[in-house]
Amino acid sequence: MTKPLILLGLESSCDDTAAAVLRIDADGRPKILSSVVHGQTALHADFGGVVPEIAARAHAEKLDLCVREALTAAHLTLRDVGAVAVTSGPGLIGGVIAGVMCAKGIAAGAGLPLIGVNHLAGHALTPRLTHDVAYPYLMLLVSGGHCQFLIVRGADDFTRLGGTIDDAPGEAFDKTARLMGLPQPGGPNVEREALKGDPTRFRFPRPLLDRPGCDMSFSGLKTALLRARDEIVTAKSGLTRQDRADLCAGFQAAVRDVLAEKTRRALTAYLAEAPATPVIAVAGGVAANTAIRAGLETVAAEMGAAFVAPPLALCTDNAAMIAYAGAELFALGHRDDMTLAARPRWPLDHTSPAMLGSGKKGAKA
């Protein structure tokens with residue numbers, strides 16, 4: 001690259017409408033010039049989860065405003081942009097369509113190259129944006145709708161070692177919050193309650209630890225929590241504050257233990273390839289949970305791998321990661337045209353069997 005490349009990124013796969021401007025300098029170093037995210041929490045608060053139709057309409061209304069805000073914050077105009085990168089899947093299809101159509105309009109109107117980006121690749125490549133991590137590295141993507149272990153060998157080269165076969169951890173946290181009468185988003189509120197609880201009072205199951213491999217399941221854990229809650233309510237005609245805190249602590253401990261053990265197994269498979277600088281990176285909102293992160297850091301240290309976690313603002317859905325993934329694909333010669341399609345499902349690893357089910361934050365891949 002002989003001169004800097006400016007990319008405009010767009011993200012609209014679930015309930016965050018986002019735009020960002022990223023500069024790739026001549027030496028290949030990335031710099032985020034602006035990152036704008038408009039959440040939709042208030043729009044969905046009364047429904048206990050994301051309503052796809054409401055989300056899609058909000059994206060359609062906000063995308064152009066986000067682009068304008070991002071360009072203004074970067075002190076640039078479309079004339080300064082060299083390419084447009086957009087999430088084209090996987091996700092809630094209405095939102096993905098809104099983003100793809102907006103990106104197509106900008107690319108066509110300004111005469112810019114268009115790059116369709118896999119939303120999961122955006123997360124998986126974020127450690128390279130924030131920490132300049134070298135390939136190959138192990139990635140744990142753990143969020144509201146996705147949870148999987150990936151060996152990342154390149155911008156378009158991923159090997160999935162395992163993933164959730166039902167509810168992702170973030171989705172399980174949200175459902176736990178509803179069962180406990182806690183507000184959304186569930187993760188932070190369950191964690192706050194767990195800090196006041198006894199994680200040993202309730203011994204919840206650790207699903208799939210009795211089976212080999214890195215696949216995970218959290219649906220049964222949620223059911224066990226529901227039964228424990230109902231038993232207490234029947235016996236006491238309600239829950240005390242301590243009951244609720246203990247239930248949350250027990251649930252969180254179970255998720256922590258499952259993720260730690262599955263990370264140990266994934267690291268074993270990854271380290272067998274003898275990477276020069278072993279790294280396990282984690283992204284997704286659940287990675288902000290203090291207890292879970294501590295468990296993952298302990299496993300990494302025990303197995304001799306560096307632990308990398310991007311800042312929370314870049315772990316959750318954002319457009320800077322999409323712009324960066326687009327930059328890596330652009331450097332490899334990837335280009336899309338006006339036939340670029342929105343995809344509800346889009347696995348990163350095309351050789352592994354598809355993962356079934358649909359999560360709160362979008363279709364699993």
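The values are calculated or read from the model by the stated rules, or taken from the named source; none is laboratory data. Just so we're clear, the structure is a prediction, and the values are computed from it rather than from any experiment. When we count neighbours, we look across all protein chains shown, and the Cβ atoms used for this are built from the backbone with ideal geometry, even at glycine. Quick note on the areas: whole protein, heavy atoms, side chains included, nothing else; ligands and nucleic acids left out. Shrake-Rupley method; radii C 1.70, N 1.55, O 1.52, S 1.80 Å.
Residues are listed down the side, and each one gets a yes or a no for (1) open to solvent by 10 Å² or more (accessible area, probe 1.4 Å); (2) part of a helix (DSSP H, G or I); (3) at pLDDT below 95:
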residue	(1), (2), (3)
Arg68	yes, yes, no
Leu76	yes, no, no
Arg79	yes, yes, no
Ala85	no, no, no
Ile106	yes, yes, no
Ile115	no, no, no
Inset, instruction - Of all residues in the stretch 16-44, count the ones that are among the β-branched types (Val, Ile, Thr) and in a loop (DSSP other than H, G, I, E, B). - result: 0
Inset, instruction - Kindly provide the set of residues from the stretch 45-60 that are without any contact (Cβ under 8 Å) to a residue 40 or more places away in the chain, in a helix (DSSP H, G or I) and closer than 18 Å to Ala172 by Cα, ordered by number. - result: Phe47
Inset, instruction - Answer with yes or no whether Leu125 is at negative phi, open to solvent by less than 30 Å² (accessible area, probe 1.4 Å) and assigned to a helix (DSSP H, G or I). - result: yes
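To keep it simple, each residue is scored yes or no on (1) open to solvent by less than 10 Å² (accessible area, probe 1.4 Å); (2) acidic (Asp, Glu); (3) in contact with a Cys (Cβ under 9 Å, 6 or more places away or on another chain); (4) under 23 Å from Asp174 (Cβ atoms).
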site	(1), (2), (3), (4)
Phe218	yes, no, yes, yes
Gln252	no, no, no, yes
Ala272	no, no, no, no
Ile292	yes, no, no, yes
Legend entry - Selection within the stretch 153-172 - within 14 Å of Leu120 (Cα to Cα) and open to solvent by 30 Å² or more (accessible area, probe 1.4 Å): Asp156, Asp157, Thr159, Arg160
Legend entry - All helices (runs of 4 or more DSSP H) inside the stretch 266-365 with 3 or more residues being in contact with a helix residue (DSSP H, G or I) (Cβ under 9 Å, 6 or more places away or on another chain), at pLDDT below 95 and closer than 22 Å to Gly95 by Cβ: 312-315
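Test of understanding: among Arg241, Arg264, which residue is more than 18 Å from the chain's Cα centre (by Cα), within 19 Å of Phe202 (Cα to Cα) and not hydrophobic (A, V, I, L, M, F, W, C)?
Details: Arg264 fails: within 19 Å of Phe202 (Cα to Cα).
Of the residues listed, the single one that is more than 18 Å from the chain's Cα centre (by Cα), within 19 Å of Phe202 (Cα to Cα) and not hydrophobic (A, V, I, L, M, F, W, C) is Arg241.
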Legend entry - Failed item in (1) in contact with a helix residue (DSSP H, G or I) (Cβ under 9 Å, 6 or more places away or on another chain); (2) closer than 27 Å to Arg345 by Cα; (3) open to solvent by 20 Å² or more (accessible area, probe 1.4 Å), with Ala224 passing the rest: (2)
